[in-house]
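Student: Mind looking over this structure? Questions follow.
The values are calculated or read from the model by the stated rules, or taken from the named source; none is laboratory data. Please read all numbers here as calculations on a predicted model, not as lab measurements. We place every Cβ from the backbone using ideal geometry, glycine too, and count neighbours over all the protein chains shown. The area values use the complete protein model at the heavy-atom level, side chains included, leaving out ligands, DNA and RNA. Shrake-Rupley method; radii C 1.70, N 1.55, O 1.52, S 1.80 Å.
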Amino acid sequence: MKRREFVKKATLSSFTALIGAELVFGSKMLEGYKPLALQDPDPFKMFNKNPEMVVLNDKPWNIEAQAHLLDDKITPNSCMFIRNNGFVPEGIDPNSWTLTIDGESVVREKTYTLAELKSKFQHHTYQLTLECGGNGRSEFDPPAKGNQWTVGAVHCASWTGVRLKDVLEDAGIKSSAVYIGYHAVDKHLSGDPKKEPISRGCPMSKALQDETLLAFQMNGKDIPLVHGHPLRLVAGGWPASVSGKWVDRISIRNKVHDGTKMTGTAYRVPCEPVAPGEKVKDEDMCIIESMPVKSLITYPKTGAMINKGKALKIRGHAWAGELEVAKMEYSIDFGSTWTECSVEKPANRLAWQHFSANVEFPKSGYYEVWARATDSNGISQPMLLPGWNPKGYLNNACHRIAVKVK
Amino acid sequence: MAREDVFREQVKKVYRLLMLILVFSVLTGGVLVYFTVNPGFLDFNQTTAELVEVPVEVDEDLIENGIHVRTGLVEADGLMEVVNNCTACHSAKIVTQNRMSAERWNATIKWMQETQNLWDLGGNQEIIVNYLVTNYPPSAKGRRMVLTDIEWYELKD
């Protein structure tokens with residue numbers, strides 16, 4: 001063996017030994033320190049995601065589904081979108097995890113261990129639709145700033161936990177209470193420990209709903225780390241950013257919560273409609289609450305070719321924020337005519353609803369199947385993009401799939 | 001003992017010594033680097049294990065087919081200014097996903113400086129913004145785009 005090569009190999013093996021030793025002491029690693037092995041990881045393996053999921057951003061991790069991946073009635077982890085604002089926390093120990101209820105409007109500041117939360121309060125399970133406020137942003141023109149989500153930043157999983165209401169009432173809510181704000185342990189991208197990547201919340205009326213949970217389970221198992229283990233606030237029907245992950249503190253505020261991404265233009269739309277590209281002052285931007293009515297065709301995948309004379313089975317889900325979907329329709333002629341199809345009742349309030357239809361095509365050619373849901377207030381999805389807004393939120397335009405009949 | 005064996009033994013000794021020196025110097029170097037980055041780690045109240053960051057030799061600025069491999073950014077005037085100032089905190093993917101005018105990029109930079117701990121870019125700001133608007137310009141999408149990139153397949157029941 002040539003001496004130089006020998007030394008090189010020996011050096012490499014000693015490096016390997018060092019790296020090995022590091023990982024052995026992984027549990028004692030300093031907070032915020034990322035081991036080399038995790039610096040360029042495979043997100044699909046790391047988060048157990050379907051390989052067809054699309055990575056929009058890797059620092060922080062932002063990954064979305066495609067419509068056909070969301071075909072399950074209850075979304076499995078493998079197809080749930082990931083939206084992170086900071087670094088996924090490391091070294092979480094559920095045994096020492098605590099949740100503190102504080103704020104100007106709490107009667108007595110209280111801290112609960114995870115075990116206390118689980119034993120003291122009744123458990124509830126709900127299927128809850130969580131959609132990123134920016135889902136569909138990629139379609140806005142002029143382009144809106146942020147991750148360019150297409151259609152896949154939505155899911156409806158089954159969440160188990162205790163009612164936020166029960167916990168807040170146990171600590172006591174003063175009559176001055178207006179809003180709750182969550183705080184979590186994820187780290188800001190700049191590394192500044194004084195900065196929170198995100199700290200949002202909701203008005204007391206939403207916080208006190210039966211379905212608003214402090215969840216510790218998703219689809220019957222511990223919540224996966226990237227989705228908020230060990231404790232996540234889940235507020236279905238509202239922008240998913242209200243459903244804070246890795247929550248360790250909830251403040252009962254006597255004013256609208258002013259945490260990171262509550263103010264400025266974040267998760268806000270112009271209070272009054274504006275022309276595309278128009279500048280909007282911060283004070284003219286209003287916080288998004290309930291998400292708008294929307295639907296997705298999850299079967300078949302776009303691009304299906306079928307033979308003439310054969311009916312096409314389609315199916316998917318529809319949801320309407322705080323409301324229920326009252327009517328579901330599809331069009332195969334670019335919105336000229338609409339055919340109503342069946343839509344199931346939700347499993348519980350704020351769960352998405354399943355629709356299906358047998359679509360027949362009059363002759364061969366290129367078609368698009370468009371889906372349109374209408375909510376219980378009679379509001380339907382637009383066929384074109386809804387009102388432009390600077391941050392590109394709330395695009396609920398009809399979902400479309402392409403079909404060829406031969 | 002044959003002369004050859006003696007020689008072999010000596011080489012082994014020298015080798016062991018060299019390895020010891022090598023490991024020791026890597027450790028010391030690592031500790032020093034770590035100390036520079038994290039001056040607080042010698043605080044004896046902390047009970048964390050001593051960490052050694054091992055530098056891995058990769059060409060951070062490799063360019064292949066006009067693409068800066070580490071970030072995926074297009075090779076053009078201003079590339080390194082963008083790499084050095086815009087990818088320290090966040091991924092280049094959030095940069096290239098966003099298509100904005102110079103005015104909106106400047107406003108975004110101002111927002112990052114006010115809220116996200118971005119430093120003063122000085123003369124680099126113009127270079128960076130020029131790079132972005134030249135290489136990642138916005139394209140008109142209208143009120144709704146046609147469906148593109150459809151992968152056609154036979155649907156079998």
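Student: Going through A:Gly161, A:Gly181, A:Gly146, A:Gly172 one at a time, which residue ends up being within 21 Å of A:Val55 (Cβ to Cβ) and either of a type in the set (Val, Ile, Thr) or in the same structural domain as A:Thr260 (by TED's automatic domain parsing) (or both)?
Tutor: Of A:Gly161, A:Gly181, A:Gly146, A:Gly172, the one residue that is within 21 Å of A:Val55 (Cβ to Cβ) and either of a type in the set (Val, Ile, Thr) or in the same structural domain as A:Thr260 (by TED's automatic domain parsing) (or both) is A:Gly146.
Student: Moving to a separate point now. So which of A:Arg249, A:Arg232, A:Arg200, A:Arg163 is touching a residue at least 12 places away in the same chain (Cβ under 8 Å), of a type in the set (D, E, K, R) and more than 21 Å from A:Leu117 (Cα to Cα)?
Tutor: A:Arg200
Student: Can you find, within region B:77-109, the residue that is farthest from A:Asp141 (Cα to Cα) among those that are within 12 Å of chain A (Cβ to nearest Cβ) and open to solvent by 40 Å² or more (accessible area, probe 1.4 Å)?
Tutor: In this case the residue turns out to be B:Ala88.
Student: Going by the structure shown, is A:Asn358 closer than 23 Å to A:Ser342 by Cβ, crowded, with 22+ Cβ neighbours inside 10 Å and away from every other protein chain (no Cβ under 11 Å)?
Tutor: Details: closer than 23 Å to A:Ser342 by Cβ: yes; crowded, with 22+ Cβ neighbours inside 10 Å: no; away from every other protein chain (no Cβ under 11 Å): yes.
So A:Asn358 does not fit the description; no.
Student: Give me the pairs: first residue in region A:300-311 and under 12 Å from A:Ser364 (Cα atoms) and within 7 Å of another protein chain (Cβ to nearest Cβ), second residue among the aliphatic types (A, V, I, L, M) and open to solvent by less than 60 Å² (accessible area, probe 1.4 Å), beta-carbon distance under 7 Å, and six or more apart or on different chains, which are they?
Tutor: Filtered contacts from region A:300-311: A:Met305/B:Leu155; A:Ile306/A:Leu312; A:Ile306/A:Val403; A:Ile306/A:Val405; A:Ile306/B:Leu155.
Student: Kindly indicate which of A:Thr302, A:Thr260, A:Thr265 is at pLDDT below 95, β-branched (Val, Ile, Thr) and open to solvent by 10 Å² or more (accessible area, probe 1.4 Å). Don't jump to the end; show me each part of the working.
Tutor: Values: A:Thr302 fails: at pLDDT below 95; A:Thr260 fails: at pLDDT below 95.
On inspection, the qualifying residue turns out to be A:Thr265.
Student: From (1) under 27 Å from A:Arg200 (Cα atoms); (2) more than 14 Å from every other protein chain (Cβ to nearest Cβ), pick out the condition that doesn't hold for A:Gly277.
Tutor: (2)
Student: Can you name the residue in region A:180-194 that is under 19 Å from A:Arg83 (Cβ atoms) and not in a loop (DSSP other than H, G, I, E, B) and, of all such residues, is modelled with the lowest pLDDT?
Tutor: Restricting to residues being under 19 Å from A:Arg83 (Cβ atoms) and not in a loop (DSSP other than H, G, I, E, B), the top hit is A:Lys187.
Student: Here is a list: A:Gly146, A:Gly134, A:Gly103, A:Gly152. Which entry is under 30 Å from A:Gly387 (Cβ atoms), crowded, with 21+ Cβ neighbours inside 10 Å, away from chain B (no Cβ under 14 Å) and small (Gly, Ala, Ser)?
Tutor: Numbers: A:Gly146 fails: away from chain B (no Cβ under 14 Å); A:Gly134 fails: away from chain B (no Cβ under 14 Å); A:Gly103 fails: under 30 Å from A:Gly387 (Cβ atoms).
Going through A:Gly146, A:Gly134, A:Gly103, A:Gly152 in turn, just one is under 30 Å from A:Gly387 (Cβ atoms), crowded, with 21+ Cβ neighbours inside 10 Å, away from chain B (no Cβ under 14 Å) and small (Gly, Ala, Ser): A:Gly152.
Student: Separate question: So which residues in region B:116-146 are under 22 Å from the mean Cα position of the chain (by Cα) and β-branched (Val, Ile, Thr), if there are any at all?
Tutor: B:Ile127, B:Ile128, B:Val129
Student: Something else: Taking the options B:Asp61, B:Asp157, B:Asp149, B:Asp43, name whichever one is more than 10 Å from every other protein chain (Cβ to nearest Cβ), open to solvent by 50 Å² or more (accessible area, probe 1.4 Å), over 25 Å from the mean Cα position of the chain (by Cα) and modelled with pLDDT under 95.
Tutor: When all the criteria are applied, what remains is B:Asp43.
Student: Name every residue in region A:108-131 that is open to solvent by 30 Å² or more (accessible area, probe 1.4 Å), in a helix (DSSP H, G or I) and not small (Gly, Ala, Ser), in order of residue number.
Tutor: Residues satisfying the conditions are A:Glu116, A:Lys118, A:Lys120.
Student: Quick check on my filter: what residues within region A:287-314 are hydroxyl-bearing (Ser, Thr, Tyr) and more than 22 Å from A:Val405 (Cβ to Cβ)?
Tutor: A:Ser290, A:Ser295, listed by residue number.
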